[in-house]
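What follows is one structure encoded as structure tokens, with my remarks underneath.
What follows is calculated from the coordinates using simple rules that are stated; it is not laboratory data. Nothing here was measured: the structure is a model prediction, and the numbers come from that model. Glycine gets a Cβ as well: all are built from the backbone with ideal geometry, and neighbour counts include every protein chain shown.
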């Protein structure tokens, strides 16, 4: 089970690191071309979402890999699950159904990591 948790956490970290850096580094206009939902949020909010994604990606890997403050890994995963719940809500409200399946998958993957690490499935 530990291997499965590492694989899922690694994939989630890669996704969130990529999307987070994109939100932090791209202009609002450039983001709009890929993510039209940014029209519903301030630039500051979009940047904060990006920062949360980057921090969540780091939190999925670093504490568990270093054996330092390992409790942060399930917390990071739970926070990313909450972020995805918000994303699902936004996409549903905007009728962007093409994104919902990916968002549900990311939510379930984050819940898997949160529960697995919190309950010690990887031990």
So for the stretch 84-100 (the condition being under 14 Å from residue 10 (Cα atoms) and buried (at least 16 other Cβ atoms within 10 Å of the Cβ)), does at least one residue qualify?
no
Exactly one of 48, 3 is out of contact with any helix residue (DSSP H, G or I) (no Cβ under 6 Å at 6 or more places or on another chain) and under 30 Å from residue 121 (Cβ atoms), and that one is 3
Hey, residue 40 hits all of (1) in contact with a helix residue (DSSP H, G or I) (Cβ under 9 Å, 6 or more places away or on another chain); (2) within 20 Å of residue 10 (Cα to Cα) but one; which does it fall short on?
(2)
I'd like the full set of residues that are assigned to a helix (DSSP H, G or I) and surrounded by 17 or more Cβ atoms within 10 Å (Cβ to Cβ), limited to the stretch 18-28.
19, 20, 23
Go through the residues of the stretch 1-17 one by one and say whether even a single one is farther than 20 Å from residue 106 by Cα and outside any helix (DSSP H, G or I).
no
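Sort out which residues of the stretch 73-123 are part of a loop (DSSP other than H, G, I, E, B), at negative phi and free of Cβ contacts under 8 Å to residues at least 40 places away in the same chain, and write them in order of number.
Residue satisfying the conditions is 119 alone.
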Within the stretch 29-69, residues surrounded by 14 or more Cβ atoms within 10 Å (Cβ to Cβ) and assigned to a loop (DSSP other than H, G, I, E, B) come out as 35, 41
Quick one: residue 16 ticks every box in (1) in contact with a helix residue (DSSP H, G or I) (Cβ under 8 Å, 6 or more places away or on another chain); (2) without any contact (Cβ under 8 Å) to a residue 40 or more places away in the chain except a single one, so which number is it?
(2)
